[in-house]
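See below for the structure under consideration.
Taken together, the values in this text are just the output of simple stated rules run on the coordinates, not laboratory data. Source: prediction; values computed, not measured. Here the Cβ positions follow ideal geometry from the backbone for every residue, glycine too, while neighbour counts run over all protein chains shown.
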Amino acid sequence: MNFGDPFFGYSWIDMIIRVVIVALVMTVMVIYLTYGERKVVARFQQRLGPMKTGPYGLWQGIADAVKLVSKEDIRPTNADRWVFEFAPYATFIPVFMVLASLPFAKDWGVRNLSLGMFFVFAILGLNIVGIMMAGLGSGNKFALLGGVRAAAQMISYEIPLVLSLLAIAMIAGTLNLNLIAAMQDERPFIVLQPLAFIIFFTAMLSELHRAPFDIPVAESEIVGGYFVEYSGIRWSMFQLTEYASMWAFSVFGGVVFLGGWEYPKGDDWGWGWQLALTFIKSGIFIMAIFWIRTTVPRLRIDQLMSFCWKVLLPLALVQLLANGFILIYGASEWWLFGTSSLGAVALVAIVIKRAMRRPSTKLVGAYRTLQVPAP
Amino acid sequence: MTQTYPYPTGQQTAAAGLGELVARLAGVETTLAETTTDVDVRVAPSALLALATTLRDHADLRFDFLRNVSGVDYEADGMALKYHLYSFTHGHALQVSVPTAAGHPHVPSLVSLYPAADWFEREASEMFGFQFDGHPNLRNLLLEEDLHIHPLLKAHPLQAAELLQGIESGPPGFTI
Amino acid sequence: MTVWPEERVLTAEEASFNTVDMTINIGPQHPATHGVFRMVLTVDGEVVVDCEPYIGYLHRGLEKLTENNDYRQAMGYWDRTDYLAGMCCEGAYCMAVEKLAGISVPERAEYIRVMMMELSRINSHFMFLGAFGADVGSFGTSFVYAWRERERIYDLIEEVSGDRMFPTYFRVGGVTMDLPENFERRCHEVLGSIRQGIEDLDGLLTGNEIFVERCRNLSPLTTERAIALGVTGPILRATGLPWDVRKAEPYSVYDRLDFDIPTGRQGDIFDRYFVRLSEMYQSARIIEQCLQELPKGLVLNPGLPKTLRIDKSECYVRNEGTKGEYGVHAIARGGVKPYRMKLRSPSFCNLSALREMVVGNYLADAIIILGSLDIVLGEVDK
């Protein structure tokens, strides 16, 4: 079953059906991701999470969706009307387009593009436009601050993201996501390029506005940032975008780094196992994202930018250079593993070195028993 | 830091002869008294700034911490301001009373000596009507910006039928 | 009035940008302001250039109401000032009336008071740890960890006094009623759980590199400046001065108890956080010592008249409240009602230093600085 073969009849009917399937799966995934996040975060915080709506709170996501749809759609008077109204769509459409190009099982997706990887990160960049529209069009200073911060952050972190993916593309020799997954039948690319994986993961957190990079939506400061003026369906579209792009990135990262539908035994055991592998791998990413969100405070915008430009970018460039040399001279794959691991160790060492600057936790200047003078 | 703070030994002030020391070094006319917890030095409003400067700067006194500024309305006996000071270097505490006339009396502001006096004086002025000369920003702090009543005066009632719907003529509350 | 972070002369190119500073209203309703507090920040990009705090949203007329009520009745208003640590405020008020009238308190009551005040202190500091973690961005984890322990403390306070937040447990001349029989066992349970809770929060925040990056070297304060601004409490101790009213001007039975005063080095946000964390361990020590030394006896001075009439008297009683020096300036002039009772609240004075601390830092840091001041609006607004 090839991508190109129409499975469900005529090719355009086939296309529509595939699109609808992906859209439905995405919707269900997003609803259950909101539920899952609340449960996972609650467990980390020693509490239970939603329990009342349905058994173990399973209908919580649907209840939220129904509530949001039934809310009044408020538009502030000094908001720029059309910019304000189109911003949620402008943010959401790129995410869906990305989902349309990912392979979920062997040769199964909506469309197999030979420039798949390039398409993904080019289209994801359009997200930024939607966020800027939301920020500027809301007529609210907090929204403006959020939008500006988001733009700076997302544009900066695109670069290490793209460079780390290009390192993989150099090794794979192709941008076709299906082929990249198919190449990982012996070992996933994370083994060859751990540094690229770490950079990709960090940059992905930043593109998703997730902790510790969630300053554009810093809830305790600017209460929602660029989507503060939205309510009801429009707000739920922003949430949909966030979780859908989280899922899209996770599937994408799974395909590129963890072996997608192929590793460990995807080719042999059929499309059921392949689908399961895709979901397991994206689940690993998603759990990691939730875990980090619960534990870690947020970085300030200048710290975040300096981390990107001064740490991630040089390492990504060095990685590309090393890959180039290794591939030109046809050295074995162990060289790739070696250089990349060195780079990963360097990155972790930089982060730990900053952490070692933490202050000594001994009490300073604590006064022991007061010698009360005799009366 | 150039200033060293020897560990305070917790001596309470009333025992130390502090009142006499202050009266001797003050250079202005003072009257001594005692409250249950502190020594009280009474001084006229015109002499307050000079006294406070001596209290802060003289080596034996060094009252570097302005703890509290309270206004009091002694109905028939006028109004008063009470300043509570403490010294971190010597560990002694003092109360300075400044009796004033009733109404909107003028008292020099201590903001130039003690930045902590800023909000205390704003509060005293809105609650009692004191006018602090030299304070840069004497606006209402706890009450609304446009409310010109002095609630803590004894003549101001605890409750008045203050209807803010514009039914009564004039601003709500009590004008002195 | 705008203040530039450093003195510099703009080049011709910079001056031609002609930007306008933006005013942002961190309004009375905001998750980060710990109550109804408003500040208007003037921001140049992300750098705060001016800050104007507006308070008074919770002004309830404490002092006027106190003047119109009996000495014993008025106490009900005072534990609502620092509502996170009601017993400390009640302690200060009762001490003021006792000083005015010359009433003595039985020893058992003093020990009980100290235990309750230290429990309230731990309670308030847990609230700080939780809310501060939330401000820095650790979403809600620190909040929930802190709330677990606070629930245990509230349960204990409820067993002792009947109410969680506004216990009205202290009386002029002692406390209302004796401790319940299983108090010692319960207290040891709660203290064990508190120590575990502090360790959890310590592990979550103190070693966290991002937390340290955000808090270290932010808004350092020198001791001289802190004293001049009237700042007391953990903030003053974080600058390096080991001054605590419980040691410097001891009241109640604190001079018989053994505890340390944790201090910091440079008065920045991290030091303030760490000083409060360490103080919680010291409070636990105090409570354990009190439990061991608790004498038997009455808990309320038996010789008090039905109505308390106090002649001309004046006092200024200071107490180490959870945020700093909690002072009550009391004047009695005969009669059954206090003539004047002024609250010197620590949060009021700490908050007046906000402008100086915030100007020149980033907007995100302004929120953290406000959080590190640990204000409670009931005290600020009286």
request  = Would you tally the net charge around B:Glu145, using a Cβ to Cβ cut-off of less than 13 Å, leaving B:Glu145 out, and scoring K and R as +1, D and E as -1?
outcome  = -1
note = Taking only the alpha-carbon positions of the protein assembly as shown as identical scatterers, the Debye log10 I(q)/I(0) at q = 0.05, 0.10 Å⁻¹ comes out as -0.37, -1.16
key: Sum of side-chain charges, A:Gly125 neighbourhood, beta-carbon under 10 Å (Lys, Arg +1; Asp, Glu -1)   = -2
request  = Using DSSP, restrict attention to beta bridges with both residues in the protein assembly as shown and report what percent are antiparallel, rounded to the nearest 5.
outcome  = 90 percent
ask   = Hey, any idea what Rg/Rh is for region A:78-354, computing Rh the Kirkwood way over Cα pairs?
value = 0.99
Most fluctuating residue given options A:Ala331, A:Ala322, A:Ala248, as computed from a GNM of chain A linking Cα atoms under 10 Å = A:Ala331
key: C-alpha center-to-center spacing [region A:115-158, region A:40-100] in angstrom   = 19 Å
ask   = Which order results if B:His104, B:His84 are arranged by neighbouring Cβ count within 10 Å, fewest first?
value = B:His104, B:His84
query = Over region C:255-382, what number does the Rg to Rh ratio reach, with both radii from the alpha-carbon atoms and Rh per Kirkwood?
reply = 1.08
task = Taking chain C as the reference, fit the longest principal axis to its C-alpha atoms, fit the long axis of helix C:107-136 to the helix C-alpha atoms, and give the angle between the two in degrees, 0 to 90, nearest 10.
result = 20 degrees
message = Here is the link list: B:Lys82/C:Lys382; C:Lys64/C:Lys247; C:Lys337/C:Lys382; C:Lys99/C:Lys296; B:Lys154/C:Lys312; A:Lys141/A:Lys310. Which ones come out longer than 22 Å on Cα distance?
response = C:Lys64/C:Lys247; C:Lys99/C:Lys296; A:Lys141/A:Lys310
request  = Show that you can apply the helix-only estimate: for chain C, add -39,500 (n - 2.57) for every DSSP H stretch of four or more residues, divide by all residues, and state [θ] at 222 nm to the nearest 500.
outcome  = -14500 deg cm²/dmol
query = How high is the relative contact order of region C:63-381, given as a whole-number percent (alpha carbon pairs under 8 Å, six or more residues apart)?
reply = 26 percent
query = Going by alpha carbons, how many degrees (0 to 90, nearest 10) lie between the helix axis of C:86-101 and the longest principal axis of chain C?
reply = 60 degrees
inquiry  = If each DSSP helix of 4+ residues adds -39,500 (n - 2.57) and the sum is divided by the residues in chain A, what number results at 222 nm, nearest 500 deg cm²/dmol?
reply    = -21000 deg cm²/dmol
inquiry  = Based on C-alpha coordinates, I'd like the Rg and Dmax of region B:13-107, in Å.
reply    = 12.8, 39
Helix axis angle, C:269-293 relative to chain C longest principal axis, alpha carbon, degrees = 10 degrees
remark   = When C:Lys382, C:Lys99, A:Lys310 are arranged by how many other beta-carbons sit within 10 Å of their Cβ, fewest first, they go A:Lys310, C:Lys99, C:Lys382
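Summing Lys, Arg as +1 and Asp, Glu as -1, what charge do residues with Cβ under 12 Å from the Cβ of A:Arg47 carry, A:Arg47 excluded? Don't skip to the answer; put the middle values down first.
On the way: positive: A:Arg38, A:Lys39, A:Arg43, C:Arg148; negative: C:Glu151.
Cβ neighbours under 12 Å give a net charge of +3.
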task = Can you put A:Ser341, C:Ser104 in order of Cβ neighbours within 10 angstrom, beginning with the fewest?
result = C:Ser104, A:Ser341
task = Give the Rg/Rh ratio for region C:63-381, taking Rg as the radius of gyration of the Cα atoms and Rh as the Kirkwood radius, to two decimals.
result = 0.97
